[in-house]
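Trainee: For reference, the structure I am asking about is given below.
The values are calculated or read from the model by the stated rules, or taken from the named source; none is laboratory data. Note that the coordinates shown come from a computational prediction; the quantities given were computed from them, not determined experimentally. As a convention, Cβ positions derive from the backbone with ideal geometry for all residues, glycine included, and neighbour counts pool all protein chains shown.
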There are 2 protein chains.
Amino acid sequence: MPAVAQLKTNPARTIFMAQADAPAGSRTAELSCSSCNLRELCLPGGCLEDLERVENIVYARRRVKRGETLFNAGDEFNAVYAVRSGFFKTCVVDGEGREQVTGFFMGGELLGMDGLGSGSHNGAAVALEDSEICVMPFALIEKMAREIPALQRHLHAVLAREIVRDHGVMMLLGSMRAEERLAAFLTNLSKRFVRRGYSSSEFHLRMTREEIGSYLGLKLETVSRLFSLFQKEGLIEVQQKHVRILDAGGLEQILKQGN
Amino acid sequence: MPAVAQLKTNPARTIFMAQADAPAGSRTAELSCSSCNLRELCLPGGCLEDLERVENIVYARRRVKRGETLFNAGDEFNAVYAVRSGFFKTCVVDGEGREQVTGFFMGGELLGMDGLGSGSHNGAAVALEDSEICVMPFALIEKMAREIPALQRHLHAVLAREIVRDHGVMMLLGSMRAEERLAAFLTNLSKRFVRRGYSSSEFHLRMTREEIGSYLGLKLETVSRLFSLFQKEGLIEVQQKHVRILDAGGLEQILKQGN
DNA sequence: CGACCTTTTGAACGTATTCAACCGATGTGG
DNA sequence: CCACATCGGTTGAATACGTTCAAAAGGTCG
């Protein structure tokens, strides 16, 4: 399989390094996964010996400023990315220029797995705030997955989880009413924040109303109205991008109501 | 890795074989992928030597009658399935009992990749007509993927394609109008039929209006109305489940209109 | 043949969208 | 540092699209 051999002669490394801001002297320390508190979100929980090897998957760090793209639709696929800090959206654009936000990604989450089939990315990933990501060259992942079953298993699990997540979004878009969609969205965000040690009840939305709307299949005005409605009902407190959840149970109740 | 060793002592084989209707005497011939005309849809296009090994992935065949489930949400995950003949829908059900059809699968397509992350299936797969599927135990796939890079690559491609497909559905559900959704649906079906050697312009829908509606995020009455509308506009001819596409360009034009 | 399921079609309704105006926050250049 | 332009967000009123409810016809299968 030429993929790994390719890597050695691939200009990718220099490209990555040029974009990575890590001081050359402290590279290994900087790139260490074992010292990263997001470790258990990205990496398989295997034996320590394997972990040492797996750490080397992170090839480089890369900073992506707010508004910049990590990758664009059509870009050659050669790595998946773990969000180290910051916030991303992924979106697809169809032939007619319609844009659909397909997901939001925060620390410890992996993106870029599309394009693994075709060799080029199917969608784009855009930073919604200044972010830092870990670059994991896919050729290397594949090679190590062949040697370390725990990693292979983990890779498959990551891909499958993405599929399950997408099915959840299809459920949301296909059979929920507007209020239910926003309630599900807020509940989901809250749960993901709390897993990362942030408050479950108070957070800053990194995305605009329009981006939320695109993700939820609603217009930005509808999203705005729903925020106001939820506030009026005492479920949340909103001002601009700052959200405080006052009644998490109430939000989940909206979902339970069915239709 | 215990997964493969497990397989030998796993009662799965007998379970599979009990459900498979293949005559015992002709098993190897029956299970041969090289004689299957759907081969290039399921298997990697690699060298012949590897292909021989890969063929052994198909562990058994299994017939699933119309209305029966191939697997249910929550069922233990231990294999992925290739549709050999027939037609399936996959769907997820949320806590509130809402059902969402997440896809339709025809000959040569693979299903069951959800549940690979959690160990149990996230959704259910139901036969929409009497069908036959090839059972590919996942432990075996994982083992062989470690040894045959072409298969590994293929597996990843299959998973990634599923993700890309789901993103397409999210686009459809999130930013298309009802007419566009049905036009996209018919166009997609047509393209898949023609790849399998069937007519691109005339086919039988295996699913009900309600199932189409669930998949497209519409009510069954809306789907029915749209069929009638398309017929009135001379785009298609419908009677019940039989559809003939009269103006494929016109259907694609609906998509291009955007909104 | 009869029971049941699927599909079609109509009419009334409701939810989310569209169009529009306005407000507030943010950021840039004079 | 303020003025102004721009972008994001909120809110109202009218509209449109898809849904709901209902009835009836057409298929299918025991």
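Trainee: Any residue in region A:212-227 that's near DNA strand C (Cβ under 6 Å from one of its atoms): show its pairings with residues that are at pLDDT 95 or above at Cβ separation under 6 Å, as long as the two are six or more apart or on different chains.
Mentor: A:218/A:178; A:219/A:213; A:222/A:178
Trainee: Residues of region A:160-207 being under 20 Å from residue A:86 (Cβ atoms) and within 16 Å of DNA strand C (Cβ to nearest atom), which ones?
Mentor: Selection gives A:185, A:203, A:204, A:205, A:206, A:207.
Trainee: Identify, from the list B:190, B:199, B:131, the residue that is away from chain A (no Cβ under 12 Å), out of contact with any Gly (no Cβ under 8 Å at 6 or more places or on another chain), buried (at least 18 other Cβ atoms within 10 Å of the Cβ) and among the polar types (S, T, N, Q).
Mentor: Only one candidate qualifies: B:190.
Trainee: If you don't mind, another one. With A:136, A:170, A:144 as the choices, which residue is in contact with a helix residue (DSSP H, G or I) (Cβ under 7 Å, 6 or more places away or on another chain) and more than 9 Å from chain B (Cβ to nearest Cβ)?
Mentor: A:144
Trainee: Is it the case that region B:243-259 has a residue that's surrounded by 20 or more Cβ atoms within 10 Å (Cβ to Cβ), free of Cβ contacts under 8 Å to residues at least 60 places away in the same chain, over 18 Å from residue B:101 (Cα atoms) and more than 11 Å from DNA strand D (Cβ to nearest atom)?
Mentor: The answer is yes, given that some residue of region B:243-259 is surrounded by 20 or more Cβ atoms within 10 Å (Cβ to Cβ), free of Cβ contacts under 8 Å to residues at least 60 places away in the same chain, over 18 Å from residue B:101 (Cα atoms) and more than 11 Å from DNA strand D (Cβ to nearest atom).
Trainee: I'm checking my understanding of the structure. Among residues of region A:97-124 that are part of a strand (DSSP E or B) and at the interface with another protein chain (Cβ under 7 Å from one of its Cβ atoms), which one is farthest from residue A:41 (Cα to Cα)?
Mentor: A:100
Trainee: Could you grab me the full set of residues in region A:147-167 that are within 16 Å of residue B:103 (Cα to Cα), at the interface with another protein chain (Cβ under 8 Å from one of its Cβ atoms) and not aliphatic (A, V, I, L, M)?
Mentor: A:162, A:166, A:167
Trainee: Could you figure out which of (1) within 12 Å of DNA strand D (Cβ to nearest atom); (2) over 29 Å from residue A:161 (Cα atoms) isn't true of residue B:182?
Mentor: Going through (1) within 12 Å of DNA strand D (Cβ to nearest atom); (2) over 29 Å from residue A:161 (Cα atoms) one by one, residue B:182 breaks only (2).
Trainee: Taking into account only those residues within region A:115-125 that are farther than 19 Å from residue B:149 by Cβ and crowded, with 22+ Cβ neighbours inside 10 Å, which is nearest to the chain's Cα centre (by Cα)?
Mentor: This residue is A:125.
Trainee: Within region B:186-228, work out how many residues are over 29 Å from residue A:169 (Cα atoms), within 16 Å of DNA strand D (Cβ to nearest atom) and in a helix (DSSP H, G or I).
Mentor: 1
Trainee: Specify which of the listed residues (A:112, A:67) is closer than 28 Å to residue B:169 by Cα, modelled with pLDDT under 95 and either surrounded by fewer than 23 Cβ atoms within 10 Å (Cβ to Cβ) or touching a His at 6+ places or on another chain (Cβ under 9 Å) (or both).
Mentor: A:67
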